[in-house]
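Have a look at the structure below, then the notes.
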Amino acid sequence: QVQLVESGGGLVQAGGSLKLYCVTSGRTLSTRAMAWFRQAPGKERQFVASLSRSGSTAGYADAVKGRFTISRDNAKNTLYLQMNKLNVEDTAVYYCVARAVTVGQRDVWGQGTQVTVSP
C-alpha cells in the first residue's frame, strides 16, 4: 500500500545545492514518521534526517546539521530534502523511508536517487 518514489538527484559541484523529492502514496505522510537515509559504495547505510508524523519535529545527523532541511507538503503527498553546501562526503544514493508505526509493520523504502558531488 505504501509506495515511495524519489527524484531530484544529480551531479553538483561542491558548495552547491540540490533538492530531493519523495512522492508518497495515500496518507503516508500523515500516518508514518518519515526519514531520509543514504548509502555510499563500501559504506554502511547512514541516517540523514527524520520528520515526525505530525511534521512538527525534525531531526538530523551531525554530518548534515545546518546544511540539510527535511520538510513535507501533505497536499502534494511529497517529502523533501533540501541540501545546501554540499561536499564530496555527501555523495551517495539517498533513500526516502516510511517508518513502521505499529507492531507488525515494516519500514518501507523507496528506490533511491543518486547524488554525486564533484570537488
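DSSP loop trypsin sites (Lys or Arg not before Pro) in region 1-96 with at most 16 other Cβ atoms within 10 Å of their Cβ, which ones?
Here the trypsin sites (Lys or Arg not before Pro) that fit, given the DSSP loop and packing criteria, are Arg27, Lys43, Arg45, Arg53, Lys65, Arg67, Lys85.
What do you reckon, how do Asp73, Asp62 stack up by accessible area (1.4 Å probe), largest on top?
Heavy-atom accessible area, descending, gives Asp62, Asp73.
Per-residue accessible area for Ser30 at 1.4 Å probe radius, Å² rounded to 10?
70
Straight-line reach from Lys43: which lysines have Cα under 25 Å away, leaving out those fewer than 8 places along the same chain?
Lys43 reaches Lys19, Lys65, Lys85.
In Å, what is the Rg of the alpha-carbon atoms in region 7-69, and how long is Dmax?
13.2, 36
Just to be sure I follow: if Rg is taken over the C-alpha atoms of region 63-105 and Rh is the Kirkwood radius over the same atoms, what is Rg/Rh?
Here the Rg-to-Rh quotient is 1.06.
Which value, in Å², gives the accessible area per residue of region 10-119 when a 1.4 Å probe is used on the protein heavy atoms?
53
Counting DSSP beta bridges with both partners in the chain, what percentage is antiparallel, nearest 5?
Beta bridges within the chain, antiparallel portion: roughly 90 percent.
The values are calculated or read from the model by the stated rules, or taken from the named source; none is laboratory data. As the structure is a computational prediction, the values presented were derived from the model and not from experiment. Positions of Cβ are generated from backbone atoms using ideal geometry, with glycine treated the same way; all protein chains shown enter the neighbour counts. For accessibility, only protein heavy atoms count, side chains too; no ligands or nucleic acids. Shrake-Rupley method; radii C 1.70, N 1.55, O 1.52, S 1.80 Å.
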